[in-house]
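Report on one structure; see the data block that follows.
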Amino acid sequence: MRQLIEWLMPHLIVVPILLPMGTAILMLLLGDTRRPLKAVVNVVSCLLGLLVAIALVYWAQRMGGPQAVGVYLPSNWPVPYGIVLVADRLSAMMLLLSSILGLGGLLFAVARWHKAGVHFHPLFQLQLMGLNGAFLTADLFNLFVFFEIMLTASYGLLLHGSGWPRVRSGLHYIAVNLLASTLFLIGVAILYGVTGTLSLADMAIMVPAIGESDRGLLHAGAAILAIAFLVKAGAWPLNFWLAPAYSAASAPVAALFAIMTKLGIYSVLRVWTLLFPQDAGVSALFGGNALIWIGLATLAFGAVGIIATQRLARMAAFCVVLSSGTLMAALGFGQPAVTGGALYYALGSTLAISAFFLLIELIERSREEDEKPAYVSELEMDEAFGYPIDLMPARDVNLDDDETELIGRAIPAAMAFLGLAFIACVLTIAGLPPLSGFVGKFIMLSALLNPAGLGHAAANPPAAAWVLLILLISGGLLATIALSRAGVRYFWAPQNRPVPRLRVIETIPIGAMLLLVAVLVWQAEAVMGYTNAAARGLHDPKEYIGTVISTKPVPSPTASGEGGLRRP
């Protein structure tokens, strides 16, 4: 494997973009009448994308050196004139996360949701293409391009399945994101006017040399660009669209949307650490305090939203807001140890929220099932958990306290699965032990409240750190109360409800995501080593900048004849 990855690098970097793009084109050519074939093609493509993401993570951790920065020039033009794709630890990790969520959501959709409208499979692949490209690109213009590809596909996916709630929330979603895209272009134009480049690495070199007369314009452009990113990250007060949109989307679409807010946070983190690192002089950590307090307000808003709603889908949407607020507040401190804990937290919370969106679909569906007869045959079994569905009267049966027959009852494995999965989601989202949500929050708070114990210079924790501590505890408490209340209402209170019927293909992605959440705890030391290395590379971007700038185009083959020309 090591030799294969070495042979494929750096060309492996462009595969997460070309693979979904080619798959989307192929499925459009297949037309609307071959859904089973398109489903198979889509699943195979997502599996290949997952393998590529795993290979990139393996390369970044084992083969890429201390900073692990891989550069690919698709147009073979020198930096900063051509398109540049960069894979480091952070982008590889986000690629892996989006691949897992994409495959899980697709497997769930194949059971039924992919039939609810046209062009689901091409839009799904274009969504993955936009996400992957945004994680890999190294210049602002192509970041905008991949953002728009992702958003255009998300407009269609949000409306998938039709219905007035989806149309209404979809129109709000489209209007808000179009406004954010306009701000994106304005911010990029201002930064280009000040620095004369769109390459992030080249821009990072230009920023320290900008005169005082233009520094205010530089900060204004960065602030406008940050607003566009924060809209997509679900930051308060710009997140009024998020809960209606995410709760109205179909379950597999909402599960994939769980990573879109993380893309907004990733973009803020990438641009911020490159342009305004700690050694940037008067511009060092520009906007960090604003990011902290916006994150704290978002965290509080998400916690109140969870306790204030009764619908599970809206609770899950506010869980997205809660997670985004926690990440924004933690990342704003600009400390590598805190950033490492935040990245670890992002992995577990995103997986749990995505699984929660899928789980809600099964829970809600179980409430709508008609009453099923109590007597059954042992010959016909449900495909997932073996629930008998045929009728056979029984004789001389034992009765319980309610005079209900005990013999012939189906083993409630489906309810056990739903209940245990629900508990795992609650523990992770609320940040309770022993799952990864608690571990991530503990690491972040330890780094903030005890900087000397983690290798930082001894200092008193800032007031914002104590506010974050209070909000994390109170937010976790409110999330626990709200989700426990929902669990009682859905699992404990109902009487005489028939055992739901589940399909294997719908339970596999939920179980797999929650199993990965458990693996994050089991392998916490290894995962934290990876996220800490990614955080150090972010906050000390010299290696990133140097590697990108020093990458040279591959010489073209010499033309026939003496003195053949080479492309520059």
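The values are calculated or read from the model by the stated rules, or taken from the named source; none is laboratory data. Keep in mind it's a predicted model, so treat the numbers as computed, not measured. FYI the Cβ positions are ideal-geometry reconstructions off the backbone, even for glycines, and counts take in every protein chain you see.
Restricting to the range 207-232, what's the tally of residues that are in a helix (DSSP H, G or I) and either free of Cβ contacts under 8 Å to residues at least 40 places away in the same chain or polar (S, T, N, Q) (or both)?
Step one: of the range 207-232, the residues in a helix (DSSP H, G or I) are 207-209, 212-232.
Of the ones still in play, those that are also either free of Cβ contacts under 8 Å to residues at least 40 places away in the same chain or polar (S, T, N, Q) (or both) are 209, 212-214, 216-217, 220-221.
Residues that pass the stated criteria total 8.
Evaluate the following for residue 14: is it assigned to a helix (DSSP H, G or I), more than 18 Å from residue 123 (Cβ to Cβ), of a type outside the set (Gly, Ala, Ser) and within 27 Å of the chain's Cα centre (by Cα)?
Yes: the conditions hold for residue 14.
From the residues in the range 181-194 that are crowded, with 20+ Cβ neighbours inside 10 Å and touching a residue at least 40 places away in the same chain (Cβ under 8 Å), which one is farthest from residue 216 (Cα to Cα)? Reasoning before the result, please.
Here is the first cut: in the range 181-194, the ones crowded, with 20+ Cβ neighbours inside 10 Å are 184, 187-188, 191, 194.
Then keep just the ones that are touching a residue at least 40 places away in the same chain (Cβ under 8 Å); that gives 184, 187-188, 191.
Working: 184: 18, 187: 13, 188: 15, 191: 11 Å.
Here the answer is 184.
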Show the residue pairs meeting these rules: Cβ distance below 7 Å; 6+ apart or different chains; first residue within the range 27-48 and closer than 14 Å to residue 119 by Cβ; second residue basic (Lys, Arg). 27/38; 30/38; 35/115
Is it the case that some residue within the range 195-206 is without any contact (Cβ under 8 Å) to a residue 40 or more places away in the chain and of a type in the set (D, E, K, R)? no
Subset of the range 74-88 [of a type in the set (S, T, N, Q) and loosely packed, with under 15 Cβ neighbours inside 10 Å]: 75
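Only one residue in 437, 455 is small (Gly, Ala, Ser) and modelled with pLDDT under 85, so which one is that?
Working: 437 fails: modelled with pLDDT under 85.
Of 437, 455, the one residue that is small (Gly, Ala, Ser) and modelled with pLDDT under 85 is 455.
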Among the residues of the range 276-304, how many are more than 13 Å from residue 321 (Cβ to Cβ), among the hydrophobic types (A, V, I, L, M, F, W, C), surrounded by fewer than 24 Cβ atoms within 10 Å (Cβ to Cβ) and in contact (Cβ under 8 Å) with a residue 24 or more places away in the chain? 8
Determine if the range 28-46 includes at least one residue that is under 19 Å from the mean Cα position of the chain (by Cα), outside any loop (DSSP other than H, G, I, E, B), farther than 17 Å from residue 106 by Cβ and modelled with pLDDT of 80 or more. no
Output yes when any residue across the range 59-73 is closer than 23 Å to residue 134 by Cα, touching a Pro at 6+ places or on another chain (Cβ under 7 Å) and part of a helix (DSSP H, G or I), and no when none is. no
